[in-house]
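Here, each number is a calculation from the coordinates, and none is a lab measurement. Computed from a prediction, not measured in an experiment: that's the story for all the values here. Note that we place each Cβ from the backbone using ideal geometry, even for glycine, and neighbour counts take in every protein chain shown.
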Amino acid sequence: MKPIALLAAPAALLMTSAAMAANVSYNAALVSDYLFRGLTMTDHDPAIQGGADVKNGDAYGSVWFSNVDTPDDSEGLPVEMDVNFGYNLRFNGGFNLDLEILTYNYLTDGLSDETEFKIGTSPTRNVTIELYRGVKNKYWYPEISYEKNLDYRLYLDLSAGYWSPDDADDSAFTFRAELARDFPDLGHVDIFIAADYISDETPFGNAGDDDDSDTSFVFGVRKNF
């Protein structure tokens, strides 16, 4: 079993810093499936999620939790805890360079932790281009995202990415389309529906396994505080 106290230390530090930061927000969500870049983390079961975000100038950080699916013989809690820190460098002419460290920590011995380094930029207000590097599992994940506010308090999020592991013969293309609506009469609760596609459910496999694509649909309710 992993030392939960050790894993919780970064979250406690972040929450302490949040009390002194310029801007702190909290979030909570209930979703029908926790999908991460096209891969289900709950075996297509619902998830309860929540976290806190801190922003101080161009520096930011967050801590976030979700239940996850684990192997039957796992010990510990079936919980994922993500902690990240980043800094958005801004240059003359509107160019930016967003640098971030992300950690994915699991409070169970049935799943392995991961750390990512990210570099990103936003060439326009609606478009973001990012490149992630997984340290432990040695993969690249480039992603491009598009956000658009629509009429009637609707907004559209589109993203496309590509799993590219170093030590596997497989790879996978991912795509997500999400449509959400803000309800101010309900305290600005968001209700959303999303479709996720992945070209290979086993991107860390080998060329000999079945390259089965999968499309999943997700419904959710979320709120920022």
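Let me know the charge dipole size of the chain about its Cα centre in debye, to the nearest 20, where only the beta-carbon of Lys, Arg (+1) and Asp, Glu (-1) is charged.
1460 debye
What does the extension gain come out to for VAL127 and ASN56, with contour length at 0.36 nm per residue minus their alpha carbon separation?
23.3 nm
Full extension from LYS148 to ILE48: what is 0.36 nm times the residue separation minus their Cα-Cα distance, to one decimal in nm?
33.4 nm
Given (1) 1.06; (2) 1.26; (3) 0.95, which label gives Rg/Rh (Cα atoms, Kirkwood Rh) as computed from the coordinates?
Here Rg/Rh (Cα atoms, Kirkwood Rh) agrees with entry (3).
Relative contact order for the chain: what is it in percent, counting Cα pairs under 8 Å that are at least 6 residues apart?
15 percent
Specify whether the C-alpha gyration tensor of segment 122-186 places it in the rounded, prolate or oblate class, a ≥ b ≥ c being the square roots of the eigenvalues: rounded for a/c under 1.5, otherwise prolate if a/b is larger than b/c and oblate if not.
Note, shape of segment 122-186 comes out prolate.
Test of understanding: ordering LEU111, LEU77 by Cβ neighbours within 10 Å, fewest first, what list do you get?
LEU77, LEU111
Report, in whole Å, the centroid distance computed from the Cα atoms of segment 104-166 and segment 37-60.
11 Å
I want to verify a result. In a Gaussian network model of the chain, Cα cutoff 10 Å, which of these has the top mean-square fluctuation: ASN137, ASN105, ASN92?
Taking springs between Cα atoms under 10 Å, the residue moving most is ASN92.
Quick check for the chain: number of Lys pairs with alpha-carbon distance under 27 Å, counting only pairs 8 or more apart or on different chains?
For the chain, the number of qualifying lysine pairs is 11.
For TYR162, list long-range residues whose amide hydrogen, built 1.01 Å from N in the peptide plane, is under 5 Å from its own amide hydrogen.
THR174
If each DSSP helix of 4+ residues adds -39,500 (n - 2.57) and the sum is divided by the residues in the chain, what number results at 222 nm, nearest 500 deg cm²/dmol?
Numbers: 1 runs with 15 residues, N = 225.
Computed mean residue ellipticity for the chain: -2000 deg cm²/dmol.
For the chain, set up a Gaussian network in which alpha carbons nearer than 10 Å are linked by springs, and say which option among ARG37, ARG181, ARG90 fluctuates the most.
ARG90
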